[in-house]
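The values are calculated or read from the model by the stated rules, or taken from the named source; none is laboratory data. In this text, all values refer to a predicted model and were calculated from it rather than measured experimentally. In this analysis, Cβ positions are derived from the backbone assuming ideal geometry, glycine residues included, and neighbour counts consider all displayed protein chains. With ligands, DNA and RNA removed, areas are computed over all heavy atoms of the protein, side chains included. Shrake-Rupley method; radii C 1.70, N 1.55, O 1.52, S 1.80 Å.
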Amino acid sequence: MKKIQMVDLKGQYEQIKEQIDASILEVIHSTAFINGPEVHSFQKELEEYLDVKHVIPCANGTDALQIAMMGLGLKRGDEVITADFTFAATVEVIALLQLTPVLVDVELDSFNIDPEAIKKAITPNTKAIVPVHLFGQSANMDAILAIAEEHNLYVIEDNAQGIGANYQFKNQKTQKTGAIGHVASTSFFPSKNLGCYGDGGAIFTNDDDLAHTIRGIVNHGMYKRYHHDVVGVNSRLDAIQATVLRAKLPKLDQYNNARRTAARKYNKAFQGIDHIITPQVKGNQCRTDKSTICETCDCHVFHQYTLRVTNGKRDNLVTHLNNQGIPCGVYYPIPLHSQKAYTHDRYNEADFSITNQLVQEVISLPMHTELDDEQIEFITNTVIDFIKDD
Ligand SMILES: *Cc1c(COP(=O)(O)O)cnc(C)c1O
């Protein structure tokens, strides 16, 4: 059996090596390393793929979030509501901009921000909601857009883990995540579903004025050469990363399909096993049976395949899998509201009961585009034997 990787970047590279090597060399020969035609073409191709009016490439997903918030003109003291159960980047940029992060609990089944918790956290100072499409599944955008409209709030989608996912609205309309809110951010970190070979990120919006503002912000607040109208940053996607992304973008749906196929096999093996809860898919068309990953839609792109282990033995399972040569991850082990940098007197533990539970139960298994049946069988048998032996 091939050695099992958490994310198999090497195996994926080998499939596209010729194209990648040639296009990187071409960039080197062109010496157009910053901006230039590769970055521009990638931007256009991603706009088309997502069906969004504007893609603004930048240096990484954390910058993308920060720049999105700067573009909206959020001011010191404005409250921004986001999920307690996510990667720290989301809350970090809110705090960096001296906005006030307001963390709220998530849903037990989808792991995504809970619209009811958002409603409870709204005050006259609330200006924006940041749903994170965690592990590759859209947050409940029907509910979130309705709340935002009622209270006149911006919706900033953190789409770092959700690129390629479709959201199915109640009225059956579908839209790619990242094209739904006022503005969205994504990351092209190598292990993301669309990853480059270094750092990269992008901001998406359908708003022409906001896109113009943001194009200036990423470039030192410059709208006319050497005229600095606003305080900006330097955040660029380089041409080598753009050329890698151009090679991979046409394969993104195929890559996400490979992830879904692996997830389906995992689910099948874990069906009916006590103390293991498989990831729940909540797309409106899939709601009839949440543990099925249907063949016809792409409402989950499985950035992570995350189980809940409900017998209290999650940590023992992590150790056991590692001893058997199976990498795994705990995303995330500590709620953001309990992190030293982000804790606050206003938080009440009772308001975070789901996140507090999830940090004890979740385990993410290897998930990437190159998993084969032998590896999946070894992983699922090892997990099941351990759980059953208990
Ligand atoms: C990866 C990630 C980011 C940050 O992306 P970088 O490119 O590493 O800066 C932000 N939010 C979420 C949810 C992520 O998973």
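Checking each residue in the stretch 331-390 for being of a type in the set (Asp, Glu) and either outside any helix (DSSP H, G or I) or open to solvent by 30 Å² or more (accessible area, probe 1.4 Å) (or both) picks out Asp345, Glu349, Asp351, Glu370, Asp372, Asp373, Glu374, Glu377, Asp385, Asp389, Asp390.
Taking the stretch 66-93 as the range and being within 12 Å of the ligand (Cβ to nearest atom) and under 27 Å from Ser353 (Cα atoms) as the test, the residues that pass are Thr82, Ala83, Phe85, Thr86, Phe87, Ala88, Ala89, Thr90, Val91, Glu92, Val93. If you go through the stretch 287-305 and keep only what is within 8 Å of Gln137 (Cα to Cα) and either more than 15 Å from the ligand (Cβ to nearest atom) or at pLDDT below 95 (or both), you end up with Cys299, His300.
Give the residues of the stretch 151-161 that are open to solvent by less than 10 Å² (accessible area, probe 1.4 Å) and acidic (Asp, Glu), sorted by residue number. Residue satisfying the conditions is Glu157 alone. Considering (1) at pLDDT 95 or above; (2) not assigned by TED's automatic domain parsing to the domain that holds Glu47, the lone condition that Val244 does not fulfil carries the number (2).
Within the stretch 337-355, can one find any residue that is touching a residue at least 40 places away in the same chain (Cβ under 8 Å) and more than 20 Å from Thr100 (Cβ to Cβ)? Yes, because at least one residue in the stretch 337-355 is touching a residue at least 40 places away in the same chain (Cβ under 8 Å) and more than 20 Å from Thr100 (Cβ to Cβ).
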